[in-house]
Amino acid sequence: MKSLITLQVNGETQEVLAPVHKTLLEVLREELGLTGTKHGCELGECGTCTVLIDGTPALSCLTLAVEAQGREITTVEGLADGPAAHPLQTAFAELGASQCGYCSPGMLMAASALLRHNASPSREEITGWLAGNLCRCTGYLKIIEAVELAAARMRRAGAPAQRTPNAAQAAR
Amino acid sequence: MLRLPAFEYLAPRTLEEAARMLAEAGAAALPVAGGTDLFPNMKRRQMEPRVLVGLRGVAEMTQLSGSAAQGWRLGAGITLARLAAHPELRQSYPAVALAAESVATPTLRNMGTVGGNLCVDTRCNYYNQSYEWRRAIGFCMKRDGDICLVAPSSPRCWAVSSCDTAPALMALGASVRLVSAREERVIALRELYRDDGIDYLALKPGEILSEIMLPPADGWRSTYRKLRRRGSFDFPILGVAVALRIGADAIVEQARVCLAAAASHPLEAVKAAEMLAGKKLQPDVIAAVANEIFRVAKPVDNSDLTLSYRKRMARVLVERALRDLAEAAASGRNGQAPGA
């Protein structure tokens, strides 16, 4: 039986008609066409489907879409500020932190929550925070360095570590 | 893709409503909190409830209150991340914080709850596999089959208790509140478990684990040590929780030692605790207790790494935990330093 599910995704209200047993990952990718969020193991063992729910990293493969109603969902598509990439995305591109790229959306979302929580994370704090995201290419060092570079640039710019699309629109 | 089987989803707002919904739906229903254990199991068709009662919206299950002097009441629905980050709990009940922060990954701890971890399904290499994998080997008795593939002549299932927080909470004397539509009862946490890989919880039909009660800290020092292949993700393949009350003269007054992943239930090592009482934590005492833990830890060949290694590591982990606590007592701390 399908039910009407209302989601707040990247600052926009989305209504979808989907069965209650659909995961947030399935609804994001298959109903809303937001394929930036990847499906990996689908069992909570890899982290590539990580999105932010009310600003906190969560696995979309283990979250029911119905349970995400009334909460602010941010996917990798909502990370950039309009045409301007998020500093994390820029740093990932510059330092080669995306190899095959499959883990990148999850890494970016987890790292963006970290930088909002802590503008100057130590290397240990970065590895601890990203410990739920696997990189099959094993390119962890570049990922960690990219987070450090983005954090340093954001501190210099004095920018808020993570803008929600709503806040970004309000600022324009 | 691994997709969930279809089910009906109910979203109660109160515990009373949740208990009534579970009772009305009967055996076809299961409660779900964080979903980090149940949903993978459902995707692998290890469990196929027709009704899920989602506890996420039950506000009274996310309360957390108390003090070291009075003890704590922990709503079963609080996340493992919140439990691990609580400064007062970390200070007074370090084993609980260390166990909570060792579960799975940071992201899963944002989702998974302490009540869910206490009820986490027992695990086995022959069980935690996709439906197709299990069908290819003829299934096991825990789901869809007749025999135990680890011990084919055994009449019982040997799936292993894989819960980090239960040994820590048990060592600190926790009890749990169980609520159903018909009654409410409080039992010692150790009474929640049965030594059986399939029927591993002593919950009556329709009961919800709603709250965990920690007694006053009352001089108890505690720590938790975990064995696993990776520093993240992995379920315990062994865990040791130790809680001690050490007198001013460095003599252990009372002790509890509980093991994770050493049996189908969180294992309380009663004799090891008796061996500690009345003694100082000298090397010979620690070695004797470690030998006793080596004796009672009986891992079977159903999880990661070899069982002989896991058994030998029981001795090592309990030695380390006891040394942590001896050092902590000598320096006036409680348990292992955070993050150590």
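What to note about this one:
- Every residue from region B:118-133 that is surrounded by 14 or more Cβ atoms within 10 Å (Cβ to Cβ) and either free of Cβ contacts under 8 Å to residues at least 60 places away in the same chain or within 10 Å of B:Gly197 (Cβ to Cβ) (or both): B:Asp121, B:Thr122, B:Arg123, B:Cys124, B:Tyr127
- Any hit, region B:142-150, residues being farther than 24 Å from B:Leu98 by Cβ, assigned to a helix (DSSP H, G or I) and more than 17 Å from the chain's Cα centre (by Cα): no
- Options B:Thr14, B:Thr36: the member that is among the polar types (S, T, N, Q), at the interface with chain A (Cβ under 10 Å from one of its Cβ atoms) and out of contact with any strand residue (DSSP E or B) (no Cβ under 7 Å at 6 or more places or on another chain): B:Thr36
- Residues of region A:1-24 classified as basic (Lys, Arg) and buried (at least 21 other Cβ atoms within 10 Å of the Cβ), total: 1
- B:Gly77 vs. criteria in contact with a helix residue (DSSP H, G or I) (Cβ under 7 Å, 6 or more places away or on another chain), crowded, with 23+ Cβ neighbours inside 10 Å and closer than 20 Å to B:Phe233 by Cβ: no
- Residue count for region A:71-96, restricted to those that are more than 17 Å from A:Leu34 (Cα to Cα), in contact (Cβ under 8 Å) with a residue 40 or more places away in the chain and of a type in the set (Gly, Ala, Ser): 2.
- Some residue of region B:151-162 being touching a Leu at 6+ places or on another chain (Cβ under 7 Å) and either part of a strand (DSSP E or B) or closer than 30 Å to B:Arg20 by Cα (or both): no
- Filter pass, B:Asp164 being more than 14 Å from chain A (Cβ to nearest Cβ), acidic (Asp, Glu) and under 19 Å from B:Pro266 (Cα atoms): yes
Every residue, every condition in (1) over 28 Å from B:Tyr193 (Cβ atoms); (2) hydrophobic (A, V, I, L, M, F, W, C), yes or no:
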position: B:Val242; (1), (2): no, yes
position: B:Ala248; (1), (2): yes, yes
position: B:Ala260; (1), (2): no, yes
position: B:Asp301; (1), (2): no, no
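- Single residue of region B:84-127 satisfying the filter (closer than 19 Å to A:Thr50 by Cβ and touching a Phe, Trp or Tyr at 6+ places or on another chain (Cβ under 8 Å)) that is nearest to the other protein chains (Cβ to nearest Cβ): B:Thr105
- Residue match in region B:176-195 (condition: under 14 Å from the mean Cα position of the chain (by Cα) and free of Cβ contacts under 8 Å to residues at least 40 places away in the same chain): yes
- In region A:43-56, the condition of being among the polar types (S, T, N, Q), within 10 Å of chain B (Cβ to nearest Cβ), surrounded by fewer than 23 Cβ atoms within 10 Å (Cβ to Cβ) and within 19 Å of B:Thr79 (Cα to Cα) is met by at least one residue.
- Total residues in region B:238-270 satisfying the condition of being over 20 Å from B:Leu169 (Cβ atoms) and at pLDDT 95 or above: the figure is 3.
- Of all residues in region A:1-22, those satisfying the criterion of being touching a residue at least 12 places away in the same chain (Cβ under 8 Å) and charged (D, E, K, R) are A:Lys2, A:Glu12, A:Lys22.
- Screening B:Gly231 against (1) in contact (Cβ under 8 Å) with a residue 12 or more places away in the chain; (2) surrounded by fewer than 19 Cβ atoms within 10 Å (Cβ to Cβ); (3) under 30 Å from A:Cys46 (Cβ atoms); (4) more than 16 Å from the chain's Cα centre (by Cα) leaves a single unmet condition, (1).
- Residue that is farthest from A:Thr75 (Cα to Cα) [pool: residues in region A:7-38 that are within 14 Å of chain B (Cβ to nearest Cβ) and of a type in the set (S, T, N, Q)]: A:Thr23
- Applying the condition of being under 14 Å from the mean Cα position of the chain (by Cα) and more than 9 Å from chain B (Cβ to nearest Cβ) to region A:115-129 and asking which residue is surrounded by the fewest Cβ atoms within 10 Å (Cβ to Cβ) yields A:Arg116.
- Region A:130-145, residues that are of a type in the set (Val, Ile, Thr) and facing chain B (nearest Cβ under 10 Å): none
- Filtering region B:273-312 to residues that are in contact (Cβ under 8 Å) with a residue 60 or more places away in the chain and not in a helix (DSSP H, G or I) leaves B:Pro299, B:Val300, B:Asp301, B:Asn302, B:Ser303, B:Asp304, B:Leu305.
- Residue count for region B:48-61, restricted to those that are away from every other protein chain (no Cβ under 13 Å) and either surrounded by 19 or more Cβ atoms within 10 Å (Cβ to Cβ) or of a type in the set (A, V, I, L, M, F, W, C) (or both): 2
- Those residues of region A:57-77 which are within 7 Å of chain B (Cβ to nearest Cβ) and out of contact with any Gly (no Cβ under 9 Å at 6 or more places or on another chain), in sequence order: A:Ala58
- Filter result for the condition that a residue is away from chain A (no Cβ under 14 Å) and free of Cβ contacts under 8 Å to residues at least 24 places away in the same chain, over B:Ala28, B:Ala76: B:Ala28
The values are calculated or read from the model by the stated rules, or taken from the named source; none is laboratory data. Since we're looking at a predicted model, the values are computed, not measured. Ideal geometry is used to build each Cβ from the backbone, glycine not excepted, and the neighbour counts take in all protein chains shown.
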